[in-house]
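What follows is a single structure, written as structure tokens, with notes after it.
Just so it is clear, none of the values below were taken in a lab; they were calculated from the coordinates. None of the values given here were measured: they were computed from a predicted structure. Glycine gets a Cβ as well: all are built from the backbone with ideal geometry, and neighbour counts include every protein chain shown.
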Amino acid sequence: MTALRRAWGMWERFWFSPVPAASLGWMRVTLGLMLCGSWVLLWPELSHLLDIIDLQVLERKHTDWRISYMDYVPPGPMVHVVHGLGLAVLVSFTVGFRARVSNLLALVLLVSFWHRLPWVQNGGDRLLRLWTLYLLTVPSGAAVSVDAWLRQRRGDAPILEVSGFAHRLVQLQLCWVYFLTGYEKLTAGSGWRNGHAIAYSMSEGTFNRAPWVLDPLIQSDVGLAALMGLTWLTLGWELVFPALVAFKPTRTPGLVAGVFLHLGIFLTMSVGMFGPASVWGYQAFLAERWKVRE
């Protein structure tokens, strides 16, 4: 029984050790800002997207269970009214007003949008949905929120710590995403092993964000050599990311490398929200920096 209790204690500490509420609060704020930005950017194209993605075709191709409030919104001005109400929910989640309810409604919005317009979303949108789901498992409005301000006005004691369950989910998700991505790159084809993958990607016009800068780089021997080195560094970093963040001495350098990697991808290639959504998760590894010093 002693060994069982010790094992249960280790399991409980791994999943539920408390983290500073401020860390969770800022994770909610930054996630909410990304969600609001994505929502606004899609707004001008919304009616067009709903027109070209026919609901009947969608239902035939996606025979698995799906549900979306957007199926019942009539075309025309009502589409924009409903989208505006959705933005109000996301703003409420961002500022932490009725955070638990607005978090749940934000998840409903994201899932409904995905079920109605799956072909206009990518891996970054999938991460945003997962992050919103994970924050729903904890009181994300405990700090840095309107809810916390209202509690203070009532004279209630501030909440300084919350369960680290969501932090742990985010950490494990990122470790799995990076390692699996690196493993698939290593085994699926020769482009990453021979160092040509990044050069191929940058020369493909669909995603190239700045061809006037990248094309001369790709066409030079020095540029190609640099891209080959960057390809192998990227592959190695993805494979060892779980080990890097598992130990404090290598955690910060590993995360900084990830920031520069995703920044470089964002500046050179158009790949949606995957980079910002990935870097958002790095906050889960830095929770101890928010501890109140006595």
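A Gaussian network model of the chain, with springs between Cα atoms under 10 Å, assigns the largest mean-square fluctuation among ILE52, ILE198, ILE218 to ILE52.
Where is the GNM fluctuation largest for the chain (alpha-carbon springs, 10 angstrom cutoff): SER92, SER47, SER102? Between SER92, SER47, SER102, it is SER47 that shows the largest mean-square fluctuation.
Taking the Cα centre of the chain as origin, work out the dipole magnitude from +1 charges on Lys and Arg Cβ and -1 charges on Asp and Glu Cβ, in debye rounded to 20.
1120 debye
Around the amide H of ARG98, modelled in the peptide plane, lie the amide H atoms of ASP147, all under 5 Å away and 5 or more residues distant in sequence or on another chain.
Taking 0.36 nm per residue of sequence separation and subtracting the Cα-Cα distance, how much length would be gained by fully extending the chain between TRP43 and SER17, in nm to one decimal?
Using 0.36 nm per residue and subtracting the Cα-Cα distance, I get 5.3 nm.
Put a dot 7 Å past the Cα of SER203, heading toward its Cβ, do the same for MET228, and the two dots end up 1.3 nm apart.
Applying the Karplus relation 6.51 cos²θ - 1.76 cosθ + 1.60 with θ = phi - 60° to region 66-73 yields 3J(HN,Hα) values of 8, 8, 7, 5, 5, 5, 10, 8 Hz, where x marks Gly and Pro.
The Cα center of region 78-129 and the Cα center of region 132-147 differ in position by 15 Å. Each peptide in 252-264, 8-20 receives the mean, over its residues, of other Cβ atoms within 10 Å, and ordering these scores from highest gives 252-264, 8-20.
Between LEU136 and LEU104, the modelled labels are 0.9 nm apart [label points 7 Å from Cα along Cα→Cβ].
Which one of VAL120, VAL111, VAL245 has the biggest mean-square fluctuation once the chain is modelled by GNM with Cα springs under 10 Å? Most flexible of the set in this elastic network: VAL120.
Computed from phi, the 3J(HN,Hα) profile of region 188-198 under the Karplus parametrisation 6.51, -1.76, 1.60 (θ = phi - 60°) reads 7, x, 8, x, 7, 5, 8, x, 9, 4, 5 Hz, with x in place of Gly and Pro. Once amide H atoms are built 1.01 Å from N in the peptide plane, which residues 5 or more positions from GLU161, or in another chain, come under 5 Å H to H? It is ALA21, by chain and number. Amide H to amide H distances under 5 Å link SER17 with GLY164, where only residues 5 or more positions off or on other chains count and H is placed in the peptide plane.
Pull out the extension gain between LEU85 and ASP71, defined as 0.36 nm times the separation in residues minus the alpha carbon to alpha carbon distance; nm, one decimal. Don't skip to the end; give the middle numbers.
Details: separation 14, 0.36 × 14 = 5.04 nm, distance 1.61 nm.
Result: 3.4 nm gained on full extension.
Helix content alone sets the calculated 222 nm mean residue ellipticity of the chain: runs of n ≥ 4 DSSP H residues at -39500 (n - 2.57) each, divided across all residues, give -22500 deg cm²/dmol.
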